[in-house]
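To start, the structure under review is shown below, and the notes come after it.
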Amino acid sequence: MVNYREEILDVSSFPTEECLELVHAFNNKFPKKDAYMFLDGSSLHIMLIQLDMVKYRELLDGLNISTDLINKAFDMINSIGSYGLNGNKRLFSGYNAERKVVNRKAKEKNRSKHYYANDNNFSKVNTELPSEYENKIICADSLQFLKKLPDNCIDIIFTSPPYNFGLEYDTHNDTAMWNDYFDMLFAIFTECIRVLKYGGRFVVNVQPLYSDYIPVHHIISNFFIQNKMIWKGEIIWEKNNYNCKYSSWGSWKSPSSPYLKYTWEFVEVYCKGDLKKRGNKENIDITAEEFKSWVVAKWSIAPERNMKEYGHPAMFPEQLAERVLKLFSYKNDVVLDPFNGAGTTTVVAKKTGRRYLGIDISEEYCKTAQKRIDESYSGQQSLFDL
Ligand SMILES: C[S@@+](CC[C@H](N)C(=O)[O-])C[C@H]1O[C@@H](n2cnc3c(N)ncnc32)[C@H](O)[C@@H]1O
């Protein structure tokens, strides 16, 4: 037999009529075998087996009750960290009976979440990006330029650094010694963390150099963790293309040294100080369908096909930037790409109604980025099919 999972919300600060309206609407919308609510004095009991969170959000948004009660009622269920999936529904009970952890909450509290980041001393005071840098493409070395920006003025950084694969960039030398490469990268990332707002997101697209056995994504993650950033998660960007010839096997048909092949890159997501990013509800532009599809952290997106046209050897596609920006930021947020290349992040930022700042060391790439921006227009809600 499956038992309901019970959550209890203290609703003493809300009018009883509003709580009852919520209870009635909830019980009318969802079958009792899935979930139900009841009010007992100032406690709202939420009994859960399974729930479609998108439908729940829609129900709440349609109610004429205080936003605070809506948010509390949503967050109470949404913040339950462990659940199974049953189609579109989150399964809160009976999904892992055999793996049940006794006293999970108490253990989590003892151990604490993201323990490595909790003793950070990031300032919580956010500032505005000076207007002279808003919606600009800047040709500069990011290490020098970022020093001009105040602390805590950027909402989200999305970037893909040069990978040091030996690519033919316009000005950047892509075959540095690995220590020099990481010194350069981490000096720029340190400035990026400084300019990121408290609660801001730092999203890095990265591909390890498999052939040299350099786990760049792990080395980068280690840097962020040492710098007290919270690792929010990792997205597999499935490109469906092989990173080496079908016929290169390492040791053919032998365990002596088989060569592993990959068809994906990584997108690592870090947060400064807080996993939650506050923003106005009106500035959310992700649709329910997009949300449902994109929180599943494997994104199948073809690589950028127009690199020749744009004269850049290592671009990511607009679709990747669109998903990152819509899933992790709000409209009107300030988006920074310190390795902006041909400007994909900044073009998508403009198209989706965000403010942007893109920096690249190459004048040629900056010209291309500016041209793409001039030719795009703001307010394109959905750039691609799911
Ligand atoms: C992987 S590419 C980024 C491509 C970009 N995501 C796009 O879609 O066009 C990395 C970029 O970093 C730039 N770069 C390298 N060192 C830099 C530095 N110190 N400051 C600013 N940009 C730099 C290179 O010129 C290159 O365009």
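The values are calculated or read from the model by the stated rules, or taken from the named source; none is laboratory data. The structure displayed is predicted, hence computed values, not measured ones. Using ideal geometry, Cβ is built from the backbone for each residue, glycine included, and neighbour counts are taken over all protein chains shown.
Do you know which of the residues in region 310-328 that are within 12 Å of the ligand (Cβ to nearest atom) and assigned to a helix (DSSP H, G or I) is nearest to V203 (Cα to Cα)?
Across region 310-328, the extreme among qualifying residues is V324.
Residues of region 178-223 being loosely packed, with under 15 Cβ neighbours inside 10 Å and of a type outside the set (S, T, N, Q), which ones?
Once the filter is applied, which keeps residues that are loosely packed, with under 15 Cβ neighbours inside 10 Å and of a type outside the set (S, T, N, Q), region 178-223 yields W178, D180, D183, A187, D212, Y213, P215, H218.
Could you tell me which of the residues K281, K272, K197 is of a type in the set (K, R) and touching a Gly at 6+ places or on another chain (Cβ under 6 Å)?
Residue meeting the stated conditions: K272.
For region 275-309, how many residues meet the condition of being over 30 Å from G84 (Cβ atoms), at pLDDT 95 or above and within 16 Å of the ligand (Cβ to nearest atom)?
Residues flagged as over 30 Å from G84 (Cβ atoms), at pLDDT 95 or above and within 16 Å of the ligand (Cβ to nearest atom) within region 275-309 amount to 0.
Among (1) away from the ligand (no atom under 15 Å from the Cβ); (2) over 20 Å from Y116 (Cα atoms), where does E168 come up short?
Among (1) away from the ligand (no atom under 15 Å from the Cβ); (2) over 20 Å from Y116 (Cα atoms), the lone unmet condition for E168 is (1).
From the residues in region 344-371 that are basic (K, R) and in contact (Cβ under 8 Å) with a residue 24 or more places away in the chain, which one is farthest from L320 (Cα to Cα)? First the steps, then the outcome.
Kept after step one, since they are basic (K, R), are these residues of region 344-371: 350-351, 354-355, 367, 371.
Filter once more, keeping what is in contact (Cβ under 8 Å) with a residue 24 or more places away in the chain: 350-351, 354-355.
Values: K350: 15, K351: 14, R354: 16, R355: 18 Å.
By that ranking, first place goes to R355.
Considering only residues that are within 14 Å of the ligand (Cβ to nearest atom) and among the hydrophobic types (A, V, I, L, M, F, W, C), look in region 334-347 and name the one that is surrounded by the fewest Cβ atoms within 10 Å (Cβ to Cβ).
Just the residues of region 334-347 that are within 14 Å of the ligand (Cβ to nearest atom), to begin with: 335-347.
After this cut, where a residue has to be among the hydrophobic types (A, V, I, L, M, F, W, C) as well, the list is 335-336, 339, 342, 347.
Values: V335: 25, L336: 30, F339: 21, A342: 28, V347: 23.
In this case the residue turns out to be F339.
Could you tell me which numbered condition K253 fails, if it satisfies all but one of (1) farther than 23 Å from L149 by Cα; (2) of a type in the set (D, E, K, R); (3) part of a strand (DSSP E or B)?
(3)
Among the listed residues K350, K331, identify the single one that is outside the structural domain of R57 (by TED's automatic domain parsing), surrounded by 15 or more Cβ atoms within 10 Å (Cβ to Cβ) and outside any loop (DSSP other than H, G, I, E, B).
K350
Exactly one condition in (1) at positive phi; (2) assigned to a strand (DSSP E or B) is false for L336; which is it?
Exception for L336: condition (1).
Looking only at region 106-153, count every residue that is touching a Ser or Thr at 6+ places or on another chain (Cβ under 7 Å) and of a type in the set (A, V, I, L, M) and tell me the total.
The number of residues fulfilling the criteria is 1.
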